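Here's the structure, in structure tokens; my notes come after.
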Amino acid sequence: MTIHQRLLLLRKTLKLTQAVFAEDISISNGYLACLEIGIRRVNPRIIRLICTTYNVNKRWLETGEGEMFFKTPGDKLDKIKDIFTQLDPVFQDFVLNQMDGLIHLQNHQDAKNSDSEDG
């Protein structure tokens with residue numbers, strides 16, 4: 001699949017018309033049509049606009065590798081919440097303690113990295 005085909009697939013996945021998609025990334029309908037059928041090259045500026053506007057994985061758009069969209073922090077939090085509520089209270093406490101430990105470790109690493117940058 002080419003980048004042009006992935007662009008068309010993305011627009012259809014989002015259920016957007018060419019007019020709306022084009023307007024959202026500040027290009028004309030005609031220019032978008034040329035991109036989708038491969039007459040025009042999808043340049044880095046267009047890629048950046050698409051990825052920023054629609055939370056698209058740049059690697060997927062350029063190469064087809066990976067997922068189409070990046071997961072949002074909200075998606076991750078929803079998954080964590082779903083899993084956490086399925087755990088017994090003892091395991092919930094264990095998860096919370098592990099998370100506290102990770103924050104402590106992260107803060108220690110941040111302080112260590114900050115010290116090495118200052119030195």
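The values are calculated or read from the model by the stated rules, or taken from the named source; none is laboratory data. Everything quoted here is computed from the prediction, not taken from an experiment. Reconstructed Cβ throughout: ideal geometry from the backbone, glycine too, with neighbour counts over all protein chains shown.
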Within the stretch 54-66, the residues that are at positive phi and surrounded by 14 or more Cβ atoms within 10 Å (Cβ to Cβ) are G64
Is there a residue in the stretch 52-64 that is touching a Phe, Trp or Tyr at 6+ places or on another chain (Cβ under 6 Å) and modelled with pLDDT under 90? yes
Among residues of the stretch 65-91 being of a type in the set (D, E) and modelled with pLDDT of 90 or more, the residue farthest from the chain's Cα centre (by Cα) is D88
Just to be sure before I move on: is F69 in contact with a strand residue (DSSP E or B) (Cβ under 7 Å, 6 or more places away or on another chain) and surrounded by 10 or more Cβ atoms within 10 Å (Cβ to Cβ) in the structure I sent?
yes
Looking for something under 20 Å from F70 (Cα atoms) and of a type in the set (K, R) - is there at least one such residue anywhere in the stretch 30-42? no
Cβ pairs under 6 Å, 6+ apart or interchain, first in the stretch 75-100 and touching a residue at least 40 places away in the same chain (Cβ under 8 Å), second of a type in the set (A, V, I, L, M), ordered by first then second residue, are none
Selection status of M99, in contact with a helix residue (DSSP H, G or I) (Cβ under 9 Å, 6 or more places away or on another chain), of a type in the set (A, V, I, L, M) and surrounded by 10 or more Cβ atoms within 10 Å (Cβ to Cβ):
no
